[in-house]
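The values are calculated or read from the model by the stated rules, or taken from the named source; none is laboratory data. Model, not experiment: these values are computed from the prediction. Ideal geometry is used to build each Cβ from the backbone, glycine not excepted, and the neighbour counts take in all protein chains shown.
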């Protein structure tokens, strides 16, 4: 799915390519330009149907106003369709022309008189329209815009609405902890009641945005600890190596992790070396590798006690080391918080202090955010919602505790 559709006349391909280059320089990657070799119209495809499909699915349209654009009935039709679909529209004058009659109720941006000022206004307009590059993701129209009762995944980032404030808070905490000294926490705990949306927040909200900052963050695939936490950690690391095009044998990783956890004291350097190798392969040696432990309550109620202790000993040894380029985040049900705090491995033990961590409270979704989680995915999917339907669905849902049922209405 495309976030920004560049509407232009074929006579203005050079101006369209320049706009695309500017958008990419600002961090936008989800763009549609009809002659683009990667994202444009493929040879042999129905160009008209492709254009209209991209317009239905995009979030915004930038119209490059020129004499040629004004003379094209197709260009004007694109803008009409975009308005009918309630897309954000940015009329941008890139050549001198009389364009005051083109949607005069929308503020035009002029790049002909003062390009720097014009681009600054366009940047501000995109941000105000919810098109921050860190928050714009592609959506595969083959996927349902409403995942249902299951947790949102990374592929659902484009349709994950209603948690913007929680995402910003979590990102800010992680960004603040990252450059701090060894004495600071290297572990963040997303803490909330069952069903509050912690897993979705981590998987579809936080991780996709961290991946857009590769010089600072390299998130490994999230994993659940289940019965054998070190096994699941080894799988996550092996998957990370494979994604980077340098696969490593999972069984070798697992053997190394078990050997490190059995040392007295525990050898945290083994885990650190594995994560350092990931950063080097990614060509970002200064990045921070982030391990994400989903549903960490399994460590205290499902994993074998000794297996959980081995995992926590190894993780703590790696996080307590002087190397500042490994961090971890976990989701935890609040009713297991006491067991987390009092676990022997996370007490003083061989360290002069308790395990350091930063909690991030995850409250149930406010009812006031319910309309956004209905309307946002509908806009991306090009769905038309009848008048009053959203209000009826929110009213029928009743309380935030019934939020999971909203996906089934």
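The table for this structure:
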| quantity | calculated |
| --- | --- |
| Residue list for segment 54-80, restricted to those being free of Cβ contacts under 8 Å to residues at least 40 places away in the same chain and closer than 12 Å to residue 5 by Cα | none |
| Search result, residues across segment 131-172 that are within 28 Å of residue 189 (Cα to Cα) and over 13 Å from the mean Cα position of the chain (by Cα) | 146, 147, 148, 149, 150, 151, 162, 165, 169, 172 |
| So residue 202, is it under 29 Å from residue 139 (Cα atoms), modelled with pLDDT of 95 or more, within 20 Å of the chain's Cα centre (by Cα) and not assigned by TED's automatic domain parsing to the domain that holds residue 27 | yes |
| Residue 247 closer than 19 Å to residue 219 by Cα, in contact with a helix residue (DSSP H, G or I) (Cβ under 6 Å, 6 or more places away or on another chain), in the same structural domain as residue 198 (by TED's automatic domain parsing) and surrounded by fewer than 18 Cβ atoms within 10 Å (Cβ to Cβ) | yes |
| Pick from segment 1-10, criterion outside any helix (DSSP H, G or I) and at pLDDT 85 or above, ranking: surrounded by the fewest Cβ atoms within 10 Å (Cβ to Cβ) | 9 |
| Candidates 168, 121, filtered to the one that is touching a strand residue (DSSP E or B) at 6+ places or on another chain (Cβ under 8 Å), surrounded by 12 or more Cβ atoms within 10 Å (Cβ to Cβ) and over 24 Å from residue 385 (Cβ atoms) | 121 |
| Those residues of segment 190-213 which are part of a strand (DSSP E or B) and surrounded by fewer than 24 Cβ atoms within 10 Å (Cβ to Cβ), in sequence order | 191, 192 |
| Of all residues making up segment 82-102, the number that are surrounded by fewer than 17 Cβ atoms within 10 Å (Cβ to Cβ), without any contact (Cβ under 8 Å) to a residue 40 or more places away in the chain and under 30 Å from residue 377 (Cβ atoms) | 2 |
| Helices (runs of 4 or more DSSP H) wholly inside segment 11-123 containing at least 3 residues that are within 32 Å of the chain's Cα centre (by Cα), at pLDDT below 85 and farther than 22 Å from residue 159 by Cα | 47-57 |
| Hey, residue 127 more than 26 Å from residue 291 (Cβ to Cβ) and more than 18 Å from the chain's Cα centre (by Cα) or not | no |
| Yes/no for residue 186 being surrounded by 15 or more Cβ atoms within 10 Å (Cβ to Cβ), in the same structural domain as residue 336 (by TED's automatic domain parsing), closer than 20 Å to residue 212 by Cα and in contact (Cβ under 8 Å) with a residue 60 or more places away in the chain | no |
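Results for (1) in the same structural domain as residue 176 (by TED's automatic domain parsing); (2) surrounded by fewer than 17 Cβ atoms within 10 Å (Cβ to Cβ); (3) closer than 19 Å to residue 207 by Cβ, shown as yes or no for each residue.
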| position | (1), (2), (3) |
| --- | --- |
| 312 | yes, no, no |
| 326 | yes, no, yes |
| 329 | yes, no, yes |
| 349 | yes, yes, no |
| 352 | yes, yes, no |
